[in-house]
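Reading through the structure tokens given below for one structure.
The values are calculated or read from the model by the stated rules, or taken from the named source; none is laboratory data. Bear in mind the structure is a predicted one, so any value in this text is a computation, not a measurement. Cβ sites come from the backbone with ideal geometry, for glycine too, and all protein chains shown count toward neighbours.
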Amino acid sequence: MPLPRPLRQLFDRILHEEVAKLPAHFAAALDETPLIIEDEPAPELLEELGMGEDEDLCGLHTGTPLTERGASFDLDFPDRLMLFRGPIMGQAGFPDDGGAEDDLRREIRITLLHEMGHHFGLGEEDLETLGYG
């Protein structure tokens with residue numbers, strides 16, 4: 001079910017602000033890698049990932065991390081970063097648990113940097129160590 005327009009606008013405004021704060025080398029990655037924002041992950045995607053519909057998927061990186069590309073790298077499957085508004089807002093306590101805008105900002109930033117970390121070749125343990133797990 002689509003999020004109400006005011007919540008979508010709040011999310012998108014905060015995301016735009018957080019992207020604008022990224023260091024130059026991270027921002028440059030977004031020039032070449034699409035950042036796709038959807039309200040919820042598709043049930044087919046959750047199934048493909050082995051997740052149940054009751055599990056939260058806040059973001060996803062697809063493609064080949066920069067650290068795994070060689071001279072013969074072929075872009076058969078282009079990289080993309082995906083963020084899902086609903087699960088991220090749920091992690092921040094929106095709309096029902098009285099979440100604050102600062103909580104939402106933190107969850108958006110963590111999810112964005114987590115998925116960008118995968119793009120740069122970081123694994124789950126690395127991201128957890130950095131506080132983006």
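Pairs meeting the criteria (first residue in the stretch 110-125 and closer than 15 Å to Arg80 by Cα and of a type in the set (Ser, Thr, Tyr), second residue at pLDDT 85 or above and surrounded by 20 or more Cβ atoms within 10 Å (Cβ to Cβ), beta carbons under 6 Å, at least 6 apart or on different chains) are Thr111/Cys58; Thr111/Gly59; Thr111/Leu83; Thr111/Ile88.
Applying the criterion of at least 2 residues that are at pLDDT below 90 and under 13 Å from the mean Cα position of the chain (by Cα) to the helices (runs of 4 or more DSSP H) found wholly in the stretch 64-133 leaves 101-119. Restricting attention to the stretch 20-41, the residues that are outside any helix (DSSP H, G or I) and either surrounded by 11 or more Cβ atoms within 10 Å (Cβ to Cβ) or in contact with a strand residue (DSSP E or B) (Cβ under 7 Å, 6 or more places away or on another chain) (or both) total 10. If you go through the stretch 1-19 and keep only what is surrounded by 13 or more Cβ atoms within 10 Å (Cβ to Cβ), among the aliphatic types (A, V, I, L, M) and farther than 23 Å from Asp79 by Cα, you end up with Leu3, Leu7, Leu10, Ile14. Could you please find all residues in the stretch 19-33 being under 16 Å from Arg80 (Cα atoms) and at pLDDT 90 or above? Answer for the stretch 19-33, where residues must be under 16 Å from Arg80 (Cα atoms) and at pLDDT 90 or above: just Val19.
As a summary of the residue check, Leu57 satisfies the conditions (1) in a loop (DSSP other than H, G, I, E, B); (2) out of contact with any helix residue (DSSP H, G or I) (no Cβ under 7 Å at 6 or more places or on another chain); (3) under 15 Å from Ile108 (Cα atoms) except for the one numbered (2).
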